[in-house]
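Please read the structure below before turning to the comments.
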Amino acid sequence: MANNGILVLGGTGKTGRRLVSTLRARGAEVRAASRSGEVRFDWDDRSTWAPAFTGVRAAYVVDLQDKPGQWDAETQIRALAEQAVAQGVERLVLLQARVHGLVGGKDLKAGEGAVRESGAEWTILRPNWFFQNFDEGVLFDAVLAGELRLPAGQGREPFVDAGDVAEVAAAALLEDGHQGQIHELSGPASLSLAEAAALLSEASGREIRYVPVDHQEYVDELVSYEVPADYALFVADLVAQIRDNHNTATTPTVERILGRPPRDFADFAKSAAADGVWQD
Ligand SMILES: NC(=O)c1ccc[n+]([C@@H]2O[C@H](COP(=O)([O-])OP(=O)(O)OC[C@H]3O[C@@H](n4cnc5c(N)ncnc54)[C@H](OP(=O)(O)O)[C@@H]3O)[C@@H](O)[C@H]2O)c1
């Protein structure tokens with residue numbers, strides 16, 4: 001019997017959850033996979049991999065490159081891609097990140113070679129920082145506290161909507177024309193953290209300000225909250241990508257693929273506020 005399913009790793013996460021909804025709305029047979037997903041998939045437990053890939057034609061791959069702890073993306077993604085192809089998976093769409101150089105000593109594009117050499121059709125997505133870091137991710141607590149204390153200087157970032165990333169992923173999984181391509185995905189405008197804070201304040205009615213801090217001071221602060229030192233350095237380096245304006249140019253890719261402009265930050269902030277996410 002032909003493989004028909006689409007497996008979404010990170011299926012409970014920011015892009016994965018939205019991708020599952022988008023694919024279902026388009027009539028695809030989808031399985032949301034993660035440690036707590038409807039299909040159990042654990043990067044750290046290889047006995048979960050083969051059952052997850054049974055009957056799967058195409059997969060969206062989200063790795064653990066930005067999480068604390070040891071993560072060898074090259075080895076893990078190579079093993080995963082081999083397993084997938086051996087089970088008849090024809091297409092892999094890999095989520096990486098739009099970064100420059102090493103981040104906290106890690107290469108956040110280290111998984112790309114494994115997917116490109118897998119023998120499957122491949123597409124790589126490299127998005128900028130997601131809007132959703134502010135309402136469900138790493139910056140949520142800072143927004144609630146009213147202070148974005150970050151070592152981002154006056155740098156500018158073209159934050160992107162995780163929903164737009166998911167729609168591009170759906171296109172790459174379901175349609176032709178994306179094979180062998182790397183899509184760099186930005187939002188419609190590069191914002192400073194001060195501008196982002198002002199838009200969040202306006203939408204939420206809370207006072208939220210950006211407080212630039214020194215790189216080492218930020219690392220020390222995280223460590224004082226019992227964040228492991230290597231992970232604190234990683235996060236600070238990730239923010240330094242914004243400070244150094246490494247990925248500050250917007251890209252036309254979301255609009256080219258989706259046929260409409262990417263969502264803007266003000267719209268995201270208004271709708272998150274209307275959903276009550278930042279209410280006490
Ligand atoms: N956040 C951003 O701004 C951003 C920007 C560009 C690129 N990215 C990339 O996007 C990827 C996801 O980052 P995110 O912050 O947006 O996280 P996320 O997708 O919101 O959450 C992580 C997902 O991975 C699953 N997961 C965690 N540990 C797992 C394990 N051991 N085995 C299997 N699944 C596991 C989680 O579900 P369970 O807990 O149920 O397992 C969850 O679905 C990263 O590779 C990151 O570099 C993120």
### Cβ-placed point charges (K, R +1; D, E -1), dipole of the chain about Cα centre in debye, nearest 20
840 debye
### Query
lysines within cross-link reach of K270: Cα-Cα under 30 Å, excluding same-chain residues under 8 positions apart?
K14, K67
### Query
What is the spin-label model distance, in nm, from E82 to L258 if the labels are put 7 Å beyond Cα along the C-beta direction?
3.7 nm
### Message
Less than 15 Å apart at the alpha-carbon level, and either on another chain or at least 8 residues along: which aspartates and glutamates does that give for K106?
### Response
D63, D66, D72, E74, D230, D237
### Message
Run through segment 18-79 and list the GluC sites (Glu not before Pro) located in a DSSP loop whose Cβ has at most 16 other Cβ atoms within 10 Å.
### Response
E29, E38
### Task
Determine the sum of side-chain charges near E29: Lys and Arg each +1, Asp and Glu each -1, restricted to other residues whose C-beta is under 13 angstrom from that of E29.
+3
## Note on the structure
Quick calc of log₁₀ I(q)/I(0), segment 147-280, Debye, one scatterer on every Cα, no solvent, q values 0.19 1/Å, result -1.14
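Give the carbon-plus-sulfur fraction of the accessible surface of the chain in %, rounded to a whole number; probe 1.4 Å, heavy atoms of protein chains only.
Details: 5870 of 12280 Å².
That fraction is 48 percent.
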### Query
For segment 156-231, what percent of Cα pairs sit more than 14 Å apart?
75 percent
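What is the local net charge at F130, summed over the other residues whose Cβ is closer than 13 Å to its Cβ (Lys, Arg +1; Asp, Glu -1)? Show your work: numbers first, answer last.
On the way: positive: K14, R17, R18, R98, R126, R263; negative: D66, D135, E136, E157, D161, D164.
So the surrounding residues net to 0.
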### Query
Which net charge results for the neighbourhood of P262, defined as the other residues with beta-carbon distances under 13 angstrom from its beta-carbon, given Lys and Arg at +1 and Asp and Glu at -1?
-4
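Helix by helix through the chain, keep the DSSP H runs that span 20 Å or more along the axis on Cα and average at least -0.5 on Kyte-Doolittle, and give those back in order.
Numbers: long enough: 229-243 (21 Å, 0.95).
Correct list, ordered by number: 229-243.
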### Query
Given the convex hull over the Cα atoms of segment 39-105, what projected area results after averaging over all orientations, in nm²?
5.0 nm²
### Query
To the nearest 500 deg cm²/dmol, what mean residue ellipticity at 222 nm is calculated for the chain from DSSP H runs of n ≥ 4 alone, each contributing -39,500 (n - 2.57), summed and divided by the residues?
-11000 deg cm²/dmol
### Query
Under unit Cβ charges (Lys, Arg +1; Asp, Glu -1), what dipole magnitude, rounded to 20 debye, does segment 49-142 have relative to its Cα centre?
180 debye
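The values are calculated or read from the model by the stated rules, or taken from the named source; none is laboratory data. Small disclaimer: the values here were computed from a predicted structure and weren't measured. As a convention, Cβ positions derive from the backbone with ideal geometry for all residues, glycine included, and neighbour counts pool all protein chains shown. Areas reflect the complete protein model, heavy atoms only, side chains present, ligands, DNA and RNA absent. Shrake-Rupley method; radii C 1.70, N 1.55, O 1.52, S 1.80 Å.
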